[in-house]
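Peer 1: Right, I'll just put the structure down here and ask away after.
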Amino acid sequence: MAEAKPNITQITLRPHRSLGSFGLKLVLGAIVAVNLLIAALCWAYHAWPVFGFLGLDVLLAFAGFWLNNRAAERREQIIIEGDAVRLLRERRNSRREMQFNRRWLRVELEVDEPRELVGRLFLVSHGRRTEIASFLGADERQALAETLKAAIIRPKI
């Protein structure tokens, strides 16, 4: 008789970014075009110091979008298989893995009831608190906490 494989639950979390690469190029192109137009007008009226500040404006916009896209490359994966719960965190070139025992694992969500605020989400085991899904919104963290609690609880037979 073949042994039944335990159920495997896998949850992959990624930050949401609404602007793709084409949209990013379009927005940056529009910023450059508008700033060049304003810079040309200022140059024509001999207000040449404005030209440098407009270049700084473009550089700051580029840096902001670059940092935003870099942060979007994060990924967290939670794999629940048998008694093992694995948390895989990936960033550009680094990968970190943590392993928990399902029987000792607890899911904690910080909630401020009077003000109706949802805070951080943690996996807690043996006194160690590991924050997960920090890039998700409050409603998404709350839904994830309920999903994880249901996945971790195993029927006792």
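Peer 1: For the range 74-152, take the convex hull of the Cα atoms, compute a quarter of its surface area, and give me that in nm², please. Spell out each step's value before the answer.
Peer 2: Working: hull surface 22.1 nm².
Mean projected area of the Cα convex hull: 5.5 nm².
Peer 1: Just need the relative contact order of the range 84-124 here, percent rounded to a whole number, with Cα pairs under 8 Å and 6+ apart.
Peer 2: Numbers: 49 pairs, mean separation 12.1, N = 41.
Computed value for the range 84-124: 29 percent relative contact order.
Peer 1: For the range 2-82, take every pair of Cα atoms, bin their distances at 5 Å starting from 0, and report each bin as a whole percent.
Peer 2: 3, 12, 15, 13, 10, 9, 8, 6, 6, 4, 4, 3, 2, 2, 1, 1, 0
Peer 1: Now for a different question. Which three extents, in whole angstrom, do the alpha-carbon atoms of the chain cover along their principal axes, largest first?
Peer 2: 85, 46, 23
Peer 1: Whose amide H sits under 5 Å from the amide H of Ala84, counting only residues 5 or more places off or on another chain, with H placed in the peptide plane?
Peer 2: Amide H neighbours of Ala84, under 5 Å, 5+ apart: Arg102.
Peer 1: Compute the relative contact order of the chain as a whole-number percentage, counting only Cα pairs closer than 8 Å that sit 6 or more residues apart in sequence.
Peer 2: Values: 185 pairs, mean separation 29.4, N = 157.
This gives 19 percent for the chain.
Peer 1: Now for a separate question. Using the count of nearby Cβ atoms within 10 Å as a rough guide to exposure, how do Asp83, Asp57, Asp139 rank from fewest to most? Provide the component values of the computation, followed by the final result.
Peer 2: Values: Asp83 13, Asp57 16, Asp139 9.
With the fewest neighbours first, Asp83, Asp57, Asp139 line up as Asp139, Asp83, Asp57.
Values quoted throughout were computed directly from the atomic coordinates according to the rules given, and no laboratory measurement underlies them. In this text, all values refer to a predicted model and were calculated from it rather than measured experimentally. With ideal geometry, Cβ positions are generated from the backbone for all residues, glycine too; neighbour counts draw on all protein chains shown.
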